[in-house]
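**Q** Got a structure for you, questions after.
Rule-based calculations on the coordinates, nothing more; no lab input. Nothing here was measured: the structure is a model prediction, and the numbers come from that model. Reconstructed Cβ throughout: ideal geometry from the backbone, glycine too, with neighbour counts over all protein chains shown.
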Amino acid sequence: VVHVATHIRSSVLIGVDLGPNLSVTGSLATILWLIALRREGIHVSAWQFLKVGVLVMPPALLLATLALSFTG
């Protein structure tokens, strides 16, 4: 068993949670949502997904970092 400092572990968790916001293939959940949307006739391109992700990710990262700093 490898022991990792809490702040490192928390930082990695934030990264793997936010990373899929930039890439359509970043997570299985994203792929499943895109399939469901396409079945309903809604098409979201990788470029559209990236543009929204770039706007949404910085505030989410800031809030997650602030929450981490307050909770230790």
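**Q** Would you compute, from DSSP H runs of 4+ residues alone, the mean residue ellipticity of the chain at 222 nm, taking -39500 (n - 2.57) per run and dividing by the full residue count, rounded to the nearest 500? Intermediate results must be reported in sequence, preceding the final value.
**A** Working: 3 runs with 51 residues, N = 72.
One gets -23500 deg cm²/dmol as the mean residue ellipticity at 222 nm.
**Q** Based on the Kirkwood radius over alpha-carbon pairs, what value in µm²/s does the Stokes-Einstein equation return for the translational diffusion coefficient of the stretch 6-71 at 10 °C and 1.306 mPa s?
**A** Calculated translational D: 122 µm²/s.
**Q** Tell me, what is the percent relative contact order of the chain, built from C-alpha pairs under 8 Å that lie six or more residues apart?
**A** Numbers: 36 pairs, mean separation 25.7, N = 72.
Relative contact order, the chain: 36 percent.
**Q** Would you mind getting me the FRET efficiency between H7 and L37? Use the beta-carbon distance for r and R0 = 35 Å, nearest 0.05.
**A** Between H7 and L37 the formula returns 0.45.
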